[in-house]
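Colleague: Supplied in structure tokens, the structure appears directly below.
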Amino acid sequence: MIPDNSKETRFDRIRTLLQAALSPTVLDLVDESHLHAGHAGAASGGSHYRLTIVAPAFAGLSLVRRHRLVYDSVHLMMQHEIHALAISALTPEQHAAKAD
């Protein structure tokens, strides 16, 4: 359920939902809506985001299952508020290996 806090922005709601559902160690969310001005999804009010999320919950899961966990976390927002969500979902070990 989406928290009912009228002062919370769409961006903040996405972060809140992902934090609550997945307890990530890294959550980097970027609003790329300005790059899609004039796009049909942008015209209907949906925003475009790029997400890098690192969570122990992804351990042992396929990429598809990781993405499903992310989408399940924000599914109510996907109906109108999020038009596109580009996801990079990593385990802490994968994230550490990328940093090396």
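Colleague: Express in nm, to one decimal, how much length is gained between His80 and Glu93 on full extension, taking 0.36 nm for each residue of separation and deducting their alpha carbon distance.
Modeller: 1.3 nm
Colleague: Moving on to the next point. Tell me the label-point distance for the pair Phe11, Arg50, using the 7 Å Cα-to-Cβ offset, in nm and rounded to one decimal.
Modeller: Between Phe11 and Arg50, the label points sit 1.5 nm apart.
Colleague: Going by average Cβ neighbours within 10 Å, how do the peptides 10-16, 93-99, 78-84, 56-62 rank, with the highest at the top?
Modeller: The densest-packed peptide leads the list: 10-16, 78-84, 56-62, 93-99.
Any read-out appearing in this document is the output of simple, stated calculations on the displayed coordinates, not a laboratory observation. No experiment lies behind these values; they were computed from the predicted model shown. Every residue, glycine among them, receives a Cβ derived from its backbone with ideal geometry; neighbour counts consider all protein chains shown.
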